[in-house]
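In what follows, a structure is listed as structure tokens, so that the remarks can point back to it.
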Amino acid sequence: METVSSPAAIIRAEEQGERRWFFGGGVHTWKARAAETGGAFLLFEDQMGGGKMTPLHTHPDSDESMYILEGEIIMHMDGVEHRLGAGGLAVAPRGVPHAFMVVSESARMLCLHTPGCCEAFYWDASTPLADGDPSGTGPVDFGKVQESARRNGGIELLGPPPFAPR
């Protein structure tokens, strides 16, 4: 049996980690990269504005766990909608269709992918934020998200966001 271990300890404080604008909307703060965990996982904090939605999608080769730190989202998981606030958890096993929408003014969540094999998708669908950039905003460009999915795998986009108008 093969054991995957972290090549070195990872210590990052609250504000530490590379900040990147994700072209699907939101600021990712990378807490643990796949290379740092021996491929075991990818962990980033996602800070999003109200109304942000993801398209319906799956991650064919990783499980995605989302832990809500602040705010409220509606999680569409395998055809059913669930409302989650701070302290809530959603786990989308690999291959299960899901999407979410931020229904509060803003939201923050930790996103954990196990294993960390979809890092290339997120990296290529984002751009670094300048140090000290207080806005943490940029243009939403789903074309760049789709192109990264096509080039890198890690995600399968199934269709538009499944949420009814509110």
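Look through the range 67-105, keep the residues that are of a type in the set (D, E, K, R) and closer than 23 Å to Cys118 by Cα, and return whichever of them is farthest from the chain's Cα centre (by Cα). Spell out how you get there, then give the answer.
Within the range 67-105, the first condition is being of a type in the set (D, E, K, R), and the residues that meet it are 70, 72, 78, 81, 83, 94, 105.
Going one step further and asking which of them are closer than 23 Å to Cys118 by Cα, we end up with 78, 94.
Values: Asp78: 18, Arg94: 14 Å.
Among residues in the range 67-105 that are of a type in the set (D, E, K, R) and closer than 23 Å to Cys118 by Cα, the one farthest from the chain's Cα centre (by Cα) is Asp78.
Output yes when any residue across the range 85-100 is open to solvent by less than 20 Å² (accessible area, probe 1.4 Å), in contact with a helix residue (DSSP H, G or I) (Cβ under 8 Å, 6 or more places away or on another chain), over 20 Å from Pro165 (Cβ atoms) and not aliphatic (A, V, I, L, M), and no when none is. Even if it seems obvious, please write down each step before you answer.
Quick first cut of the range 85-100, residues open to solvent by less than 20 Å² (accessible area, probe 1.4 Å) only: 88, 90, 92, 98-100.
Narrowing further to those that are in contact with a helix residue (DSSP H, G or I) (Cβ under 8 Å, 6 or more places away or on another chain): none.
Within the range 85-100 (the criterion being open to solvent by less than 20 Å² (accessible area, probe 1.4 Å), in contact with a helix residue (DSSP H, G or I) (Cβ under 8 Å, 6 or more places away or on another chain), over 20 Å from Pro165 (Cβ atoms) and not aliphatic (A, V, I, L, M)), the answer is no, since none of the residues qualifies.
Within the range 67-84, take every residue that is open to solvent by 40 Å² or more (accessible area, probe 1.4 Å) and assigned to a strand (DSSP E or B) and give me the one that is farthest from Gly138 (Cα to Cα).
At the first step, the residues of the range 67-84 found to be open to solvent by 40 Å² or more (accessible area, probe 1.4 Å) are 67, 69-70, 72, 78-83.
Now restrict to residues that are assigned to a strand (DSSP E or B): 67, 69-70, 72, 80-83.
Values: Tyr67: 24, Leu69: 22, Glu70: 21, Glu72: 22, Val80: 31, Glu81: 28, His82: 28, Arg83: 27 Å.
Among residues in the range 67-84 that are open to solvent by 40 Å² or more (accessible area, probe 1.4 Å) and assigned to a strand (DSSP E or B), the one farthest from Gly138 (Cα to Cα) is Val80.
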- Query: So, of the residues in the range 101-114 that are of a type outside the set (Val, Ile, Thr) and more than 22 Å from Thr37 (Cβ to Cβ), which turns out to be surrounded by the fewest Cβ atoms within 10 Å (Cβ to Cβ)?
  - Reply: Glu105
- Give the range 101-133 a look and list any residue that's among the acidic types (Asp, Glu) and either at pLDDT below 95 or in contact with a Ser or Thr (Cβ under 8 Å, 6 or more places away or on another chain) (or both), or say none. Asp124, Asp131, Asp133
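The values are calculated or read from the model by the stated rules, or taken from the named source; none is laboratory data. In this text, all values refer to a predicted model and were calculated from it rather than measured experimentally. Heads up, the Cβs are rebuilt from the backbone with ideal geometry, glycines too, and the neighbour counts pull from every protein chain shown. These area figures cover heavy atoms from the full protein model, side chains too; ligands, DNA and RNA do not enter into them. Shrake-Rupley method; radii C 1.70, N 1.55, O 1.52, S 1.80 Å.
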